[in-house]
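The structure appears below as structure tokens.
The values are calculated or read from the model by the stated rules, or taken from the named source; none is laboratory data. Bear in mind that the values here come from a model prediction, so they are computed numbers and not experimental data. Cβ coordinates were reconstructed from backbone atoms using ideal geometry, including for glycine residues, and neighbour counts include every protein chain displayed.
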């Protein structure tokens, strides 16, 4: 994002998380495995470590004593052997020396190697030496735990490592000279799910067979049995070395120095981290064959052109040209300023101000200061909704288009939202029984004592008795005749 001048894409050199040394001494072609061994007769265990990227292996063996790990100074596989043409000489490289469980054809030893993860499906191998008066049967399980076919065990053939120069001094002191005839070779048989090497009987020196598995292995087993003589066999492990390399540029041409680049293995484990040189190049040498990922850490102010993680397949050959390109991040951003006031024009401090995109996601947020002012930084252009919420009050929502021409003036109601009180439960008044209605007493009728035609004198007191009687008669009420006695 643009926040002023674009910073140069320089990153301090990063210390590698794993020094890319081959396990064991590395040759131009390959690296031999380092071997450790502990235990005693009938109960041995140990480890085999190959170059970075190759899964570690642990093994157990019920070999009789005395198993050992010789240094390789007097017994080795010369570079001129078929094995050595692929993996180089094993001189001064340690190897594993094992025996049968007992010196009896019925008591073979079993040595099982279990890998921490499936091996590469090529680019590595193992050799079994001194198979002269013994029998070795090789089996394996694939990445799914199923038996590997004899063909996929990758048996490459037999050879005698005394038939090479310089020849090992320890086991090749006798016998024909290198390039001569009559060297002892074991007999091989590739079965449906195993490979068997059988010695010719007498103790000789240098008889060997070698393998390059063609599928990923999860485990490897060697069963070794005595036939005659002094039974012992040797095991070497080696892996070819691969490299991953590339360049990081800006705008397709300008080398970028100091860019962090990370190599990860098939399980996502970090193998190594480095930084590009002044010319923008980087390299991860000394790797075991396999499939890796290379990830560039994009510097601030820049963006990757294309993916920032690329695959690097080095099962069969090196991976060069794993290149990355960068460009300036042209995403322009803006500030959104404004002021929040109440309807009287008074500022509202500590109001929450939130900017949401069309999906309701928060793009930026802040609170107003004592003057009701706010600034939302680093907002890309676009249409948004601004949500302003005074403390304890309802929110005010308004649409906003960024960039804004002038600071926003927002009027919000700071009145706290009332909390409704619970309504009391109405109490039902008891209903009173109506009183029985009293019957009106009958009005007694007056006896007509006045004689007809006789007029009553006017007393000057308003309506006379006759008028009242007439009104009462009109209302349907019985008239009580009033009689006045006139004297004189």
Anything in segment 250-263 that is within 16 Å of residue 297 (Cα to Cα) and surrounded by fewer than 18 Cβ atoms within 10 Å (Cβ to Cβ)? List them, or say none.
255, 257
Among the residues of segment 214-224, is any in a loop (DSSP other than H, G, I, E, B) and either at pLDDT below 95 or closer than 28 Å to residue 42 by Cβ (or both)?
no
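Which residue out of 125, 150, 157 is modelled with pLDDT of 95 or more, at positive phi and either assigned by TED's automatic domain parsing to the domain that holds residue 222 or out of contact with any helix residue (DSSP H, G or I) (no Cβ under 9 Å at 6 or more places or on another chain) (or both)?
Result: 157 is the single residue among 125, 150, 157 that is modelled with pLDDT of 95 or more, at positive phi and either assigned by TED's automatic domain parsing to the domain that holds residue 222 or out of contact with any helix residue (DSSP H, G or I) (no Cβ under 9 Å at 6 or more places or on another chain) (or both).
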In segment 281-312, residue surrounded by the fewest Cβ atoms within 10 Å (Cβ to Cβ) [restricted to those that are on the phi > 0 side of the Ramachandran plot and not in a strand (DSSP E or B)]:
306
Residues of segment 348-365 being surrounded by fewer than 16 Cβ atoms within 10 Å (Cβ to Cβ) and assigned to a strand (DSSP E or B), in sequence order, are 362, 365
Kindly check whether there is at least one residue in segment 149-157 that is loosely packed, with under 14 Cβ neighbours inside 10 Å, part of a loop (DSSP other than H, G, I, E, B) and out of contact with any strand residue (DSSP E or B) (no Cβ under 7 Å at 6 or more places or on another chain).
no
